[in-house]
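No value in this document is a laboratory result; all are computed from the given coordinates. What you are looking at is a predicted structure, and each value in this text was computed from that prediction instead of being measured. Heads up, the Cβs are rebuilt from the backbone with ideal geometry, glycines too, and the neighbour counts pull from every protein chain shown.
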Amino acid sequence: MDPAADLGWPSYRLSPVERWRGGDHASLEDCIAEEAPIALMYNGQPHVVMLATPLDLEDFALGFSLTEGILASPGEMHAVRVYQRAEGIEVRMRIEPSRCDTLPDKGRNMTGRTGCGLCGAQTLQQAMRRPAPVGPGVLVDAAELARCLAELRGHQRLNRITGAVHAAAFAVPGKGVVLVREDIGRHNALDKLIGALARKGTDFNTGFALVTSRASYEMVQKCASVGIACMAAISAPTGLAVRLALDTGFTLIGFARDDDHVVYANPHRLIHNSHDS
């Protein structure tokens, strides 16, 4: 059963398709990932509409609020309610009034497209926020990193059905992958993960992030802003991401696939037991 169906907006739908493989043809149904307009509102005030997978939206609301600097801590979020509307979904949050006073300075004047990281930022200062340097973080054994990457594939339920969504995971040395969130947008998946961890009271300094996407500036920014000190991405980083990682002491790993990986910044957190050639 689709866990988002109770919202009235499923995370995937069945669609009739014509499939061709070589010269063989079949008429069948395929699972298509859904995206929905998600309106985020603070103390009755509209803030932004994002396109996202309609799943784990309370996690998304908290994670977005933390990584965007709207909230300084999870305790400043007092309540979250999700409402189905004809045009999409409203997420209404009640937050500390003093934090709501800063919303006009963080205002976004356009819809955030699927997985967009900077959509609607009104100034360069808003777009290029620099997190404080990260803490010591954890040491990650390269062999364990490979095991976690393999383990992550088994947690990607929605992607296994649709082949269209990203995952963000939190792994803890000695425990493996402990939490995964999925979304059609890579930034959304990471916000959902961070929100879920914050709701559980997890110490972000005790693990590292895995993402099934490229490592963009915003992905590093989101992790570093809450205190995650290391991230491994299955694809490449961008130049801005590498520079931000270097500036904040963040360990950035790209092309992490099976036993292969490339460390782009601060390699001291990754342990290699074999002799480097």
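Tell me which residues come under 5 Å, amide H to amide H, from C230 once H is placed; ignore anything under 5 positions away on its chain.
Here A209, T251 satisfy the definition.
For an R0 of 35 angstrom, estimate the FRET efficiency from the Cβ-Cβ distance between R94 and L246 and round to the nearest 0.05.
Working: r = 39 Å, r/R0 = 1.10.
Efficiency, rounded to the nearest 0.05: 0.35.
Enter the mean projected area of the convex hull around the alpha-carbon atoms of segment 122-264, in nm², rounded to one decimal. Don't skip to the answer; put the middle values down first.
Values: hull surface 33.1 nm².
One quarter of the hull surface, i.e. the mean projection, equals 8.3 nm².
Taking the Cβ-Cβ separation of S235 and A72 as r and a Förster radius of 35 Å, what is the calculated FRET efficiency to the nearest 0.05? Don't jump to the answer; show the numbers that get you there.
Values: r = 31 Å, r/R0 = 0.90.
Efficiency for this residue pair is about 0.65.
With the convex hull built on the Cα atoms of segment 7-101, state its orientation-averaged projected area in nm². Spell out each step's value before the answer.
Details: hull surface 31.1 nm².
If you wrap the Cα atoms of segment 7-101 in a convex hull and average its projections, you get 7.8 nm².
Report for the chain the percent antiparallel among DSSP-assigned beta bridges with both residues inside it, nearest 5.
Working: 40 of 55 bridges.
Expressed as a percentage, antiparallel bridges in the chain total about 75.
How far is it, in nm, from the label point at W20 to the one at E87 when both lie 7 Å from their Cα along the line to the Cβ?
So the label points at W20 and E87 sit 4.0 nm apart.
Just order 31-37, 91-97 by mean Cβ neighbour count inside 10 Å, highest at the front, would you?
Numbers: 31-37: 19.1, 91-97: 17.6.
Peptide ranking by packing, descending: 31-37, 91-97.
Per 0.36 nm of contour for each residue apart, how much would the distance between K200 and S27 grow if the chain were fully extended, relative to their Cα-Cα spacing? List each step's numbers first, then the result.
Details: separation 173, 0.36 × 173 = 62.28 nm, distance 4.48 nm.
So the chain would gain 57.8 nm between K200 and S27.
Starting from the Cα-Cα distance between V178 and H272, subtract it from 0.36 nm times their residue separation and give me the gain in nm to one decimal. Show your work: numbers first, answer last.
Working: separation 94, 0.36 × 94 = 33.84 nm, distance 2.26 nm.
Here the segment from V178 to H272 would lengthen by 31.6 nm.
Can you list the residues, at least 5 places off or on another chain, whose amide H is less than 5 Å from the amide H of L179, using H built in the peptide plane?
Those qualifying (amide H under 5 Å, at least 5 residues apart or on another chain) are F170.
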